[in-house]
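Working notes, structure below.
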Amino acid sequence: MQLKGLLLLLIAAFIWGTTFVAQMVGMEDLGPFTYAMSRYFLGFLFLIGLWRLRRNQREQEKKRGTYHPGWRAGFGAGAIMFVGTSLQQVAMLYTTAGKTAFITALYIILVPMGAAMLGKKIFGENWAGAGIALAGLYLLSIHGEFSLSYGDGLVLLSALFWAAQILFIDRYAERVDAIELSVAQIAVCWLGSTLAALLFETISWGPIAAAWFAIFYGGVMSGGVAFTLQIVGQKYAEPGPAAIVMSFEALFGAVSSWLILGELMSGTQIAGCALMMAGVLVTQSRLLFAKPRR
């Protein structure tokens, strides 16, 4: 069952990683908020369908007294996620999909730091992993000067919000209905993106129809299918291996941008990617080698 869980999480990581390419393709003729609006609308419809399919199970949970609605927590998570995803989406107008994928992966480094600020203990390997990843970020994004490009800076800022969203979800995921939390979260992102598109962009249905596959992939596959696979996969997988497998979305993002978009990276940037991935692995090493819970 452990292997089954890890395989499901690997598929989810693949979907999340290749979604970076879908975002780049989807924004060729669409503004970032119009793409996000369309993407999250499809994700919302998919999750509503999933929520309806679970109505019998939900009724059984209500009878047992184990049901706890997830709407309120989902609205809070959605507000944080909307800021993170908007920053990331706009950033991709100025940087590459591969770099976006790897810089976004810093959320796995930032999460234990945020946990420490909330009073939880973090260990030496967390700090070591953060240092290695930051060195990788320097090689990946800074070209001969001590500054990030505009797009890289936006992605880095978005990683802070992704970390906050993960910490928020960590607090509520086991307490409330996970599907309801997800529906509410995606709904907030859809409504926020729609408002931003109406305020800052001109919505045209022709380009939306032309980008249907990129919208479908980013909405249904990433927002709906991958999230569901994550929930199911983590029922079987231990947390350490699960975290490492999910972090490989960055690797899939870089490889898919090379294969599909033809993005090229210098030897220094490739070394930076390797250091960032090493930092991710180091920060999760205690969980990886921990004895299974009985």
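The values are calculated or read from the model by the stated rules, or taken from the named source; none is laboratory data. These figures come from a predicted structure and were not determined experimentally. Don't worry about glycine lacking a Cβ; one is built from the backbone with ideal geometry, like all the others, and counts go over all protein chains shown.
Regarding residue 152, is this residue of a type in the set (Asp, Glu) and over 18 Å from the mean Cα position of the chain (by Cα)? Against the criterion (of a type in the set (Asp, Glu) and over 18 Å from the mean Cα position of the chain (by Cα)), residue 152 does not qualify.
Of everything in segment 74-97 that is modelled with pLDDT of 90 or more and more than 15 Å from the chain's Cα centre (by Cα), the residue that is surrounded by the most Cβ atoms within 10 Å (Cβ to Cβ) is 74. One residue stands out among those in segment 149-195 that are crowded, with 20+ Cβ neighbours inside 10 Å and either of a type in the set (Asp, Glu) or touching a strand residue (DSSP E or B) at 6+ places or on another chain (Cβ under 7 Å) (or both): the one that is nearest to residue 32 (Cα to Cα), which is 152.
For (1) in contact (Cβ under 8 Å) with a residue 40 or more places away in the chain; (2) within 23 Å of residue 258 (Cα to Cα), each residue gets a yes or a no:
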| site | (1), (2) |
| --- | --- |
| 35 | yes, yes |
| 38 | yes, no |
| 41 | yes, no |
| 59 | no, no |
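Within segment 162-186, the set of residues being part of a helix (DSSP H, G or I) and more than 19 Å from residue 88 (Cβ to Cβ) comprises 170, 171, 172, 178, 179, 180, 181, 183, 184. Using the structure shown, decide if residue 18 is β-branched (Val, Ile, Thr) and either under 23 Å from residue 138 (Cα atoms) or not in a helix (DSSP H, G or I) (or both). So residue 18 does not fit the description; no. Taking segment 187-211 as the range and being part of a helix (DSSP H, G or I), farther than 19 Å from residue 47 by Cβ, in contact with a Ser or Thr (Cβ under 9 Å, 6 or more places away or on another chain) and not aliphatic (A, V, I, L, M) as the test, only 207 passes. If you go through segment 216-230 and keep only what is of a type in the set (S, T, N, Q) and either crowded, with 20+ Cβ neighbours inside 10 Å or closer than 11 Å to residue 36 by Cα (or both), you end up with 222, 230. Can you work out which of the residues in segment 48-73 that are within 30 Å of residue 157 (Cα to Cα) and assigned to a helix (DSSP H, G or I) is modelled with the lowest pLDDT? Filtering first and then ranking leaves 73.
Taking every residue in segment 170-184 that is in contact (Cβ under 8 Å) with a residue 24 or more places away in the chain and pairing it with any residue that is of a type in the set (Gly, Ala, Ser) and assigned to a loop (DSSP other than H, G, I, E, B), at least 6 positions away or on another chain, the pairs with Cβ-Cβ distances below 6 Å are 176/70; 177/70; 180/70; 181/70.
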